[in-house]
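What follows is a set of notes on a single structure, which appears directly below.
The values are calculated or read from the model by the stated rules, or taken from the named source; none is laboratory data. This is a predicted model, so every value here is computed, not measured. Neighbour counts are summed over all protein chains in view; Cβ atoms, including those assigned to glycine, are modelled from backbone coordinates with ideal geometry.
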Amino acid sequence: MHGSRLPSLKSKLSHRLFMLDIAAAMVAPITAFWTREGSVFTGINPTAIIVYVSVATFLSIFFFVQFRAAHGLAKFFSFYDAIQITKASACAVTATAVVLFTITRLEEVPRSILPIHFLILTAALVGGRLVRRVIAQRHDLGIAPGNANADERCVIIVGTGPLAQFYIHLLDSSAIDNRRIVAILDEDPILHGRSIHGHFIMGSTYDAERLLTALVEHGVNVAGLVVCERNRVRAHELRDRLAPLCLDRGLELEFLADQLGVSFRGGEKENVRAYSGPSETIVNNGYLRMKPVIESAFAAILILILSPLFALAGLLVIISIGSPVMFWQRRLGRNGRPISIYKFRTMRHPIDGTGRRLTNDERISFICRFLRATRLDELPQLYNVVRGDMSLIGPRPLLPADQPISRELRLAMAPGITGWAQIHGGKLITAEEKNALDGWYVRNASLLLDLIILLRTISIMLTGDRREAWKRPRLLKIFLGFRGRIRRSASRSYKPI
């Protein structure tokens, strides 16, 4: 998972802006008009330009804050930071188009202004950060432009895996023992001739002796080879192959995993998973294979339809307990994979301004109780459904500490916003009862059962939770009985060869 999510108590850390970003937000739309129309804005009403620039500037600054564009350190600017900035620019331009189309139908603004605005804004933000990164790195290294370090130690990197990429990035951004990478070696011939961060892959380890001879002819004296390999078997093979060469030429042979204290992975056991999922094949029916696609599309439609409810719930949270509006929590998803689920925040921070710990009754307000009772606080989980982390209907996701001992069945499918246990009491039933109900649902999941759960959930949202004896609806009894007869008939007709 890229980046770290701030706890709600620390959400104010995100309110931060660069003055250069504000300037880019103001200049980019003006430059877009100038690029499109030339030095004289002929044929465009000046009022339309002023309105566009004002709305675009405001929304750009808003999304810069939301995407925390100003939180990265200049010398550590990375591809991930560039992606975040691109997302912020895209959201700002899209939101500008939506707002102005709603108000003015964009009648006096050429449509080509929007992509030009996006490109200029993104280029200004990313380009400015790249310049700041170069300046910051040169300052840290103490290198003046155009000067080289006479005491540099040239090394050859062996491997192109994650460990090698980390080490290459580390040497590029800091002067560790004045080391400089002069070549990379890898056994995969497909990679030969390609580059990592500007450093070329010049062959395999079998080409090491020829490469060292060629480098000496060009006046490059290699100090050693750094093996970036975590697989124990391959590391031993590389040691046996390269050690005689390094001993003959007086070179150092280093294993980065040993230096960093990173444990080697054992050959055939390196891909063993901690949790392998349920041993039963109960989730391999056709409906459950199609369910994620259907629910993801349906959830996207629901987000659009229920957008007024999203706005209302967010406004109620701000009025009741203040910002931030959203709350996230780590839960276990399908096959035990950790996921982050989202809700509208319905509780105040656990500690007040004086350091006193608040009780649960003090943390929740009347409005927040209403959001919980009507399940409106669960609306943001539709985003989890669109992403594929959750389903609309399934076992509710639990905290890792709250998982039952026998959890295979409930983790056999993606967790849901609502489920069979929620319509039979929800918070009014015990954890053992919930686990049994969820297990029954996983075994008998079907489109008809999901429709029944969906209708009962709407009823509970209006009337509240109520504990009821578990009984199958009449229509469901007929359906399950019919499906059982089909399965028994198919098993009797099957004759082994």
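Looking at this structure, is residue 318 farther than 15 Å from residue 379 by Cβ, within 25 Å of the chain's Cα centre (by Cα), among the β-branched types (Val, Ile, Thr) and modelled with pLDDT of 85 or more?
Details: farther than 15 Å from residue 379 by Cβ: yes; within 25 Å of the chain's Cα centre (by Cα): no; among the β-branched types (Val, Ile, Thr): yes; modelled with pLDDT of 85 or more: yes.
So residue 318 does not fit the description; no.
Within the stretch 119-166, restricting attention to residues that are basic (Lys, Arg) and at pLDDT 75 or above, the residue that is surrounded by the fewest Cβ atoms within 10 Å (Cβ to Cβ) is 153.
Residue 333 passes every criterion in (1) without any contact (Cβ under 8 Å) to a residue 40 or more places away in the chain; (2) buried (at least 16 other Cβ atoms within 10 Å of the Cβ); (3) closer than 15 Å to residue 381 by Cα apart from (1). Screening 69, 92, 82 for residues that are of a type outside the set (S, T, N, Q) and more than 19 Å from residue 133 (Cβ to Cβ) leaves exactly one candidate, 92.
Take the conditions under 30 Å from residue 136 (Cβ atoms) and under 33 Å from the mean Cα position of the chain (by Cα) and apply them to residue 194. Does it pass?
Numbers: under 30 Å from residue 136 (Cβ atoms): yes; under 33 Å from the mean Cα position of the chain (by Cα): yes.
Yes; evaluated as a whole, the condition is true for this residue.
Every listed requirement among (1) under 30 Å from residue 224 (Cβ atoms); (2) at pLDDT below 85; (3) loosely packed, with under 11 Cβ neighbours inside 10 Å is met by residue 250 save one, (2).
Put simply, of 214, 235 the only residue that is under 36 Å from the mean Cα position of the chain (by Cα) and free of Cβ contacts under 8 Å to residues at least 60 places away in the same chain is 235.
Residues of the stretch 119-127 include none that is more than 30 Å from residue 172 (Cβ to Cβ) and either more than 31 Å from the chain's Cα centre (by Cα) or of a type outside the set (A, V, I, L, M, F, W, C) (or both).
Just checking, which of 393, 460 is modelled with pLDDT under 90, crowded, with 17+ Cβ neighbours inside 10 Å and β-branched (Val, Ile, Thr)? Reasoning before the result, please.
Values: 393 fails: modelled with pLDDT under 90.
After ruling out the rest, the residue left standing is 460.
Between 260, 171, which is in contact with a Lys or Arg (Cβ under 8 Å, 6 or more places away or on another chain) and under 30 Å from residue 135 (Cβ atoms)?
On the way: 260 fails: in contact with a Lys or Arg (Cβ under 8 Å, 6 or more places away or on another chain).
Of 260, 171, the one residue that is in contact with a Lys or Arg (Cβ under 8 Å, 6 or more places away or on another chain) and under 30 Å from residue 135 (Cβ atoms) is 171.
Only a single criterion out of (1) at negative phi; (2) more than 35 Å from the chain's Cα centre (by Cα) is not satisfied by residue 171, namely (2).
Say whether the condition of being among the β-branched types (Val, Ile, Thr) and farther than 24 Å from residue 398 by Cβ is met by at least one residue in the stretch 335-355. Can you show your working first?
Kept after step one, since they are among the β-branched types (Val, Ile, Thr), are these residues of the stretch 335-355: 339, 341, 346, 351, 354.
Checking the rest, the ones that are also farther than 24 Å from residue 398 by Cβ come to 351, 354.
Yes.
Total residues in the stretch 121-135 satisfying the condition of being touching a helix residue (DSSP H, G or I) at 6+ places or on another chain (Cβ under 6 Å) and over 16 Å from residue 69 (Cβ atoms): the figure is 0. Checked against the criterion of being surrounded by 18 or more Cβ atoms within 10 Å (Cβ to Cβ) and not hydroxyl-bearing (Ser, Thr, Tyr), the candidates 416, 355 yield just one match: 416.
Taking the stretch 253-273 as the range and being at pLDDT below 85 and of a type in the set (A, V, I, L, M, F, W, C) as the test, the residues that pass are 260, 262, 264, 272.
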